[in-house]
Amino acid sequence: MGKDVIVACDFAGKKEVFDFLDKFTDVKPFVKIGMELFYAEGPEIVREIKARGHKIFLDLKLHDIPNTVKKAMSVLSRLDVDMTNLHAGGTVAMMEAAIEGLTKEDGTRPILIAVTQLTSTSQERMEADLLIEKPLDEVVMHYASNAKAAGLDGVVCSPLEAGKVHERCGSGFVTVTPGVRFADGDIGDQVRVTTPAKAKEIGSDYIVVGRPITAAADPVAAYKRCVSEFCD
Ligand code: C5P
C-alpha cells in the first residue's frame, strides 16, 4: 500500500475549497471531503475536485440498515472516488452489504475503511451511553477484526493504534490516521497526536491532515513538509 498524505478539506463551501486548492499548482494532493462540504455543495463538488486531478476520500461515515447502506454505496460508487467509509458499529452484515453496493460491474471499487469507536467517545461514555463494558482499545481492535472479516480494506484509527491494528489484522490492512501535528505546531483540539515522521515509523498507511495544512501561512509548503516527513 503506497503511503500518502490526505488533506482534510474541512471548508464550508465551494469558494473556500477552490481558493485553497488553487494554491497547489505543481502537486495535486489526495483530498478528504467530509460531511460539511458534501452536504453544503452536493455530489457535484466531488466531480469538480476529481476533474481537477485530485484523488478523493469521501468521508461520510455511513451507518444504517444493510439494505439502505448497500443502496447508498451503490449511488456513491458512481462518483468514482478513491476511498470511502462507514461505521463498523453497523455490524458485519452492514459492512458486507456496503461492499456489495460499492462494487462496480467490472468488479472494482474504492478502498473501503471503517470507523471503529470515534475518538470523541471516552471509556466512560461508551460504558454509560452505549452499555459497552470492555476496555476501549479492545473494542477498537474487535471492530477492526469485524471490518476485516466483512472484507473491508482497513480502518480509521489513531496513529498510535496503527501498529496494533497491523498486528491484529495483518500488514496489508490499511490504517488511515488523523491526529497528526508538526513537532513545532499547535495541537488545537486534538488530544492524542503524533508527527508525520512518527506516524510513518509506527506504520500508518495514510495520514489525514487538516489544519496544520489548511490554516498554515503557506499551505503548499506545509503539505510538502508532511509528504517529505511521512512518505520519503
Ligand atoms: O484539522 P485536523 O488535522 O485536526 O483534521 C483532522 C481531520 O480528521 C478532520 O476532518 C476530522 O474530522 C478527522 N478525524 C479526526 N479524528 C477521527 C476521525 C476523523 O480528527 N477519529
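Observations on the structure shown:
- Checklist (1) at pLDDT 95 or above; (2) more than 14 Å from the ligand (Cβ to nearest atom) applied to residue 3, failing item: (1)
- Candidate set from region 188-199 (those that are at pLDDT below 95 and open to solvent by less than 80 Å² (accessible area, probe 1.4 Å)); member that is farthest from residue 147 (Cα to Cα): 188
Conditions tested, residue by residue: (1) part of a loop (DSSP other than H, G, I, E, B); (2) touching a strand residue (DSSP E or B) at 6+ places or on another chain (Cβ under 8 Å); (3) within 16 Å of the ligand (Cβ to nearest atom).
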{"site": "16", "(1), (2), (3)": "no, no, yes"}
{"site": "31", "(1), (2), (3)": "no, yes, yes"}
{"site": "39", "(1), (2), (3)": "no, no, yes"}
{"site": "49", "(1), (2), (3)": "no, yes, yes"}
{"site": "86", "(1), (2), (3)": "no, yes, yes"}
{"site": "96", "(1), (2), (3)": "no, no, no"}
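- Unique match (being surrounded by fewer than 15 Cβ atoms within 10 Å (Cβ to Cβ) and of a type in the set (Asp, Glu)) among 59, 22: 22
- Within region 100-127, the set of residues being within 15 Å of the ligand (Cβ to nearest atom) and surrounded by fewer than 19 Cβ atoms within 10 Å (Cβ to Cβ) comprises 118, 119, 120, 121, 122, 125, 126.
- The criterion of at least 2 residues that are more than 10 Å from the ligand (Cβ to nearest atom) and not hydrophobic (A, V, I, L, M, F, W, C) is met by none of the strands (runs of 3 or more DSSP E) wholly inside region 128-232.
- Residue that is open to solvent by 70 Å² or more (accessible area, probe 1.4 Å), without any contact (Cβ under 8 Å) to a residue 60 or more places away in the chain and assigned to a helix (DSSP H, G or I), where the choices are 75, 69: 75
- The lone criterion from (1) under 17 Å from the mean Cα position of the chain (by Cα); (2) under 18 Å from residue 60 (Cα atoms); (3) modelled with pLDDT of 95 or more left unmet by residue 120 is number (3).
The values are calculated or read from the model by the stated rules, or taken from the named source; none is laboratory data. As the structure is a computational prediction, the values presented were derived from the model and not from experiment. Heads up, the Cβs are rebuilt from the backbone with ideal geometry, glycines too, and the neighbour counts pull from every protein chain shown. For accessibility, only protein heavy atoms count, side chains too; no ligands or nucleic acids. Shrake-Rupley method; radii C 1.70, N 1.55, O 1.52, S 1.80 Å.
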